[in-house]
Every structure is written in structure tokens, then in C-alpha cells.
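The values are calculated or read from the model by the stated rules, or taken from the named source; none is laboratory data. These numbers come from a predicted model, not from an experiment. Cβ coordinates were reconstructed from backbone atoms using ideal geometry, including for glycine residues, and neighbour counts include every protein chain displayed.
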Protein chains: 2
Amino acid sequence: MDTLLLNNIKDVRHNIENWKKDGLKIGLVPTMGALHNGHASLIKKAKEMCDKVVVSVFVNPIQFGPNEDFDKYPRTIENDKKVCEEIGADIIFAPSPKEMYGENKKLSNIDLTFVCPPYSLVDCLCGKSRPGHFDGVATVVLKLFNIVTPDYAFFGLKDAQQLFILKNMVKDLNLNLTIIPCPIVREDDGLALSSRNTYLSAEERKQALTISASLRKIESLYKQGITDVSTLFDTALSILDKNTELEYLEFRDYDNFEKVSNVKNNTLIAIAVRVGKTRLIDNIIV
Amino acid sequence: MDTLLLNNIKDVRHNIENWKKDGLKIGLVPTMGALHNGHASLIKKAKEMCDKVVVSVFVNPIQFGPNEDFDKYPRTIENDKKVCEEIGADIIFAPSPKEMYGENKKLSNIDLTFVCPPYSLVDCLCGKSRPGHFDGVATVVLKLFNIVTPDYAFFGLKDAQQLFILKNMVKDLNLNLTIIPCPIVREDDGLALSSRNTYLSAEERKQALTISASLRKIESLYKQGITDVSTLFDTALSILDKNTELEYLEFRDYDNFEKVSNVKNNTLIAIAVRVGKTRLIDNIIV
């Protein structure tokens, strides 16, 4: 099937308006491109649930910190288009930063209106080491919601904090759409798919496997009845490759995002680790 | 005509959905109630331009500072309903703070997702003495936009900074609606209508007249060819009643909100003055 590649907002809106007139259900899959099987699973889910599917591909400058990998982030639009076509997405929306944020504006809160999720959700996990990151994410996602006006929007559970923050944004700002969380997709050896996995050397790739291994260990201990967070934390730490650097390993109630000291059902166990220069995240919800 | 008084979001949405199905154009007039002829002019304009008109009446706690007049702010829902009925508004939406912000949440950026307009527009004029005020305004207005999904939203030019910030928000966040600015409505003696005028004693009411008088003086001098801001500022100051306290008198380009040192067409001249305990604002655009 042909997937329409559109770069400007007006063209997207024009298509959406026609679909709306026909009463079609619209799904949005927001991505930064470099599409892998994780993204593919989101697009497939969207195809199942919606009449029309828009995949946005936008490496969003305002969610990257000054020392992060904005310039280096993989851009593979030709392959992204192929992935979308194979699954049957209707539109890839791949705007430029100028199209999204206008000209002659500083890409900061000096010149731009931002959406700022609550501190209680932002000042922890990834938000702690990436100040402003979730403001940038919430802002661009709200913009995409307003451009595409989807009935459903699809996000991967790999970014569990992002997903929680966006679900919370939908409620707080009375957005009339439903966010569909989709499970993490992993390589056969357990590594969670990420566009950033391409940064890893062969050696680092091996080290990175201990991230998902440590989460699997926690899960298996929990199933054996061990719920004490500090015990689980220490065991996980002992499994992580010694050449990696743990940024956080946290246990939070996935209903309200509060820290727990004993794991129970619906606890998010989220981890961020540096492997060489690459920062990887992963999680499980037990 | 009967105006439907609705307190909850679900009921508003239900009506809106039916109107949308019929392809009707929807107008929103966001207010804090205590409706006066200024508001009436907005509702009339909305009636002219739209098939259906929603007037929201909500004294929004998150736009008031801790020492401001949230508790004291006039609440006159019976009269508001009468005003809406006379003009023919279709719905008054008058939610509780709980309906708008949920239960068990701190009404601050600890617990709520906020919309934060850019510093360059906020850190001046009213924003300087009311930190967080425009975050609260932008947040509630975006929520109302998402609930009502209007084609047009009507705001008075009296809150010129608010209007500029909201127009900017619509652009920045890709909202698919048009903001219609409506002229300031004044008493015969020149005082700009405000729900806060009811706070004034007879003596203060007289002092307050010098606010609009000082703006008229600036306008007449500008028409005579005087454009130098410091000259105009000094003349205005000499007209203001000595018992009042000037908070600001600023001259800004109403295209880009930058300060000007010489007045030209489309310059906003905005003033805030304390009269007794009451803070009043007014402006002209030349």
C-alpha cells in the first residue's frame, strides 16, 4: 500500500478533515523515526484498531538536552517509509523543526509555549538526569495531537514514565482521545528494542544484555514471594555487568507513580544504565 | 431563549458532539462570571459569528496568587444566567474546581500538567506582579478549548497581554480554532468595565477615572505627532490621581510584544494601577 509522506501540517490537516467527514477512526503513532520492530508493533496495533493510521517521524529538538544525542540520533526516513508501507500506514508525517516550531524562535521557554507535566511525575527516573526532557515530549505530543486529532494514540511501554506522563496529560488537559499502551518488544536474547541500540559495539551489546537479565531476575524472585525492594535491588545490581553504570533502578506503583518499598501487582520496575557512552532504559511491570 | 446551565464536562461534551454532527459552528466565551456589558459584547459577537454559543463561568483558582482575591471575587451565577439568556447563549458551563482539576490533587505544578507561555511574553506587564498567573490562564483556557472544541473563541482586549499570550498559544500548540479579539467596553465616563470595579468606593471610583483619562491624553498627543515614550509616560503620570499607585505603564508593539521607545501604529499602551486595595488595568492600541 502507498504511504503518503507529508512534511507540512496543512497537508496533514487536509487529509484528516476528509477522513473525519467520512466518520473514520484515526490512529496516531508518534515516533522519532529509525523505526524498528517495536515501532512496527505500534503501527500494527493502530491498523487493527483504526480506519486510518498516521505515523509521525520527528526528532524533536526540544526534548534533547544540550549534551545529548540530538545530532547523532539515527535518521532513516527511506527505511521508515518502507516499514510504514509494509504495515499499511496511511500517512508518514515528517516535518522539519521549522515547520513544527516556526522560524526566528529560540527553541526554549523564552520563546515557546510549553506543556509542563507535574513535578511529582517528572522529578524522578529519566526526568532527574534529563531536565526539561518531559516538557519537550509533552509539548511536541500535544502539538501532534492537535494536528492529527487522533481517536487513539499508541505509545510503547518501554518509555514507561513517558507513557504515564502522557496519560496524565490527556486527563489533566481534557484531551478527547485514548492512549493505547503497547508492550515492549525485545530481541530474542532479551534486549529491549531501541533506536539507540545501533550505538552499541559488539562488546557493549553483550554488557547491555545484563539489563533485561536483572529485570527478569527481579520478576522471578517476586514470583517466588520476595517483595522487599532493597533485596530485589541488590540482587539486580549483582547481575548487571560491572562495566556498565547504573543511573537508576526504581520500584513504583504504576497506578499513581509513587515509590513502593514492597513490590505488589502493577509495580513498575524501571532501570536506566549507561553502557559505554550509550544510555539505555528498560522496565517490567509485574 | 433557554440557556442550559451545565456543571459537568460530560454533559457539555454530549451537546457539543450533537452540534458537530450537524456541522454547526461553535463559539466559546470564557469568563470568570460576574458578567457585565463587556462580557455581553463578547457573547453578542459570538452569537453573530457562530451557530451555537457556550459561555464558561469559572473562577479559576490556579490563576490567582496566594494573596490575591480568589475568595472575594464576585460570584453572581443567577445574574450571569440571565445575561446569557437575554443574548441567547446556548450553554453556560459553570464547573466546580473539582470538576476541572480532579480530587486529591494539589492545585500547583506539583500535581497538575500546566501550559506555560513563553517567558518573553509573561515576564512583563501583569505577569511581573502576578507570577504564575498566565500559566494558570493558559492552562484553564486550553482545557476549556479541549472540552468545548470551539471554532471561535472570544476574548476582550482589556486583558491585552492575556489575549496576546493566548493567540500565541493557539499558534505554538497548533490549535485548530480562531481567537476573536473584542474591543474594550467602557462606562460613559471612560472607566473600562471590570468585575473588580464593584470593589471601588465612591471616592476610589473617581480616582480610577484618571486611568482612562491618562490613556486618552497619550492618544491625543500621539495624534498630534508626539511619539517619544518618555514624554508620553510623564504626561500620563501627571494626570493619574495622586492617591493611586502606578504599577506599570508600558508601550509595546502589538505585533511582537517588544518594547518601543517611539509609538507607532499598532502600539499597545497598557497600564496597571492600584486604587485603594483594588488593582485595575486598562489599555489602548493606537
| task | Go through segment A:208-237 and count every residue that is part of a helix (DSSP H, G or I), under 16 Å from A:PHE251 (Cβ atoms) and of a type in the set (S, T, N, Q). | result | 5
| said: Any residue at all in segment B:163-183 that's away from every other protein chain (no Cβ under 14 Å), surrounded by fewer than 22 Cβ atoms within 10 Å (Cβ to Cβ), closer than 30 Å to B:VAL273 by Cβ and among the polar types (S, T, N, Q)? | reply: no
| task | Within segment B:115-155, work out how many residues are assigned to a loop (DSSP other than H, G, I, E, B) and hydrophobic (A, V, I, L, M, F, W, C). | result | 1
| said: Take the residues in segment B:238-280 that are outside any strand (DSSP E or B) and among the charged types (D, E, K, R); name whichever of them is nearest to B:ASN168 (Cα to Cα). | reply: B:ASP255
| note | Only unsatisfied item for B:ILE110, checking (1) in contact (Cβ under 8 Å) with a residue 24 or more places away in the chain; (2) out of contact with any strand residue (DSSP E or B) (no Cβ under 7 Å at 6 or more places or on another chain); (3) aliphatic (A, V, I, L, M), is (1)
| query | In the list B:ILE62, B:ILE110, which residue meets the criterion of being of a type in the set (Val, Ile, Thr), in contact with a Phe, Trp or Tyr (Cβ under 8 Å, 6 or more places away or on another chain), within 14 Å of chain A (Cβ to nearest Cβ) and surrounded by fewer than 15 Cβ atoms within 10 Å (Cβ to Cβ)? | reply | B:ILE110
| said: Against the condition free of Cβ contacts under 8 Å to residues at least 60 places away in the same chain, crowded, with 17+ Cβ neighbours inside 10 Å and in contact with a helix residue (DSSP H, G or I) (Cβ under 9 Å, 6 or more places away or on another chain), how does B:PRO117 come out, does it pass? | reply: yes
| query | Does B:TYR73 count as of a type in the set (Ser, Thr, Tyr) and within 16 Å of the chain's Cα centre (by Cα)? | reply | yes
| Just one of A:ILE9, A:ILE43, A:ILE26 is closer than 30 Å to A:ARG130 by Cα, touching a Pro at 6+ places or on another chain (Cβ under 9 Å) and aliphatic (A, V, I, L, M); which is it? | A:ILE9
| message | Given the criteria surrounded by 19 or more Cβ atoms within 10 Å (Cβ to Cβ) and either of a type outside the set (S, T, N, Q) or farther than 21 Å from A:ILE43 by Cβ (or both), does A:ASP71 qualify? | response | no
| message | Would you confirm, using the coordinates I've provided, whether A:LYS21 is at negative phi, among the charged types (D, E, K, R) and at pLDDT below 95? | response | yes
| field | Checking B:CYS84 against (1) touching a residue at least 60 places away in the same chain (Cβ under 8 Å); (2) touching a Lys or Arg at 6+ places or on another chain (Cβ under 6 Å), the condition it does not meet | value | (2)
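Residues checked against (1) closer than 17 Å to A:LEU173 by Cα; (2) touching a helix residue (DSSP H, G or I) at 6+ places or on another chain (Cβ under 6 Å):
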site: B:PHE64; (1), (2): no, no
site: B:GLU68; (1), (2): no, no
site: B:ASP71; (1), (2): no, no
site: B:PRO74; (1), (2): no, yes
site: B:LYS81; (1), (2): no, no
site: B:PRO95; (1), (2): yes, no
site: B:MET100; (1), (2): yes, no
site: B:ASN104; (1), (2): yes, no
| Does segment B:158-173 include one or more residues that are hydrophobic (A, V, I, L, M, F, W, C), assigned to a loop (DSSP other than H, G, I, E, B) and not assigned by TED's automatic domain parsing to the domain that holds B:VAL229? | yes
| said: Looking only at segment B:14-36, count every residue that is in a helix (DSSP H, G or I) and over 25 Å from A:ASN18 (Cβ atoms) and tell me the total. | reply: 2
| query | A:LYS128 versus (1) within 13 Å of another protein chain (Cβ to nearest Cβ); (2) over 16 Å from the mean Cα position of the chain (by Cα); (3) surrounded by fewer than 22 Cβ atoms within 10 Å (Cβ to Cβ): which is the lone unmet condition? | reply | (1)
| message | So if I check each of A:ASN146, A:ASN67, which one is out of contact with any His (no Cβ under 9 Å at 6 or more places or on another chain) and more than 14 Å from chain B (Cβ to nearest Cβ)? | response | A:ASN67
| Single residue of segment B:37-59 satisfying the filter (over 15 Å from the mean Cα position of the chain (by Cα) and in a helix (DSSP H, G or I)) that is surrounded by the most Cβ atoms within 10 Å (Cβ to Cβ) | B:ALA46
